[in-house]
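Structure record follows, encoded as structure tokens.
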């Protein structure tokens, strides 16, 4: 809705895969990508194959270090 009125929101999603199956995750990711907005998504699952389909910039935080 905000994008429709030319406001570029930042979307924050915590632990995307905790309650959703792969199909629903893909729907959300492609929708966000097509909006061309900035999104920060956390995920405790180590399976990055789902999000790699949309060519994201991925940061891994482990023991306080960012890679």
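The values are calculated or read from the model by the stated rules, or taken from the named source; none is laboratory data. In this text the structure is predicted, and so the values were computed from the model without any measurement. Cβ atoms come from the backbone with ideal geometry, glycine included; neighbour counts cover every protein chain shown.
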Answer from 32, 12 - the residue that is in contact with a strand residue (DSSP E or B) (Cβ under 7 Å, 6 or more places away or on another chain) and part of a helix (DSSP H, G or I): 32
Go through (1) in a loop (DSSP other than H, G, I, E, B); (2) touching a strand residue (DSSP E or B) at 6+ places or on another chain (Cβ under 7 Å) one by one and return the number of the condition residue 40 breaks. (1)
Tell me, please, whether a residue that is within 20 Å of residue 61 (Cα to Cα), modelled with pLDDT under 80 and surrounded by 13 or more Cβ atoms within 10 Å (Cβ to Cβ) can be found in segment 32-41. no
In segment 20-31, residue nearest to residue 55 (Cα to Cα) [restricted to those that are exposed (fewer than 13 other Cβ atoms within 10 Å of the Cβ) and at pLDDT 85 or above]: 30
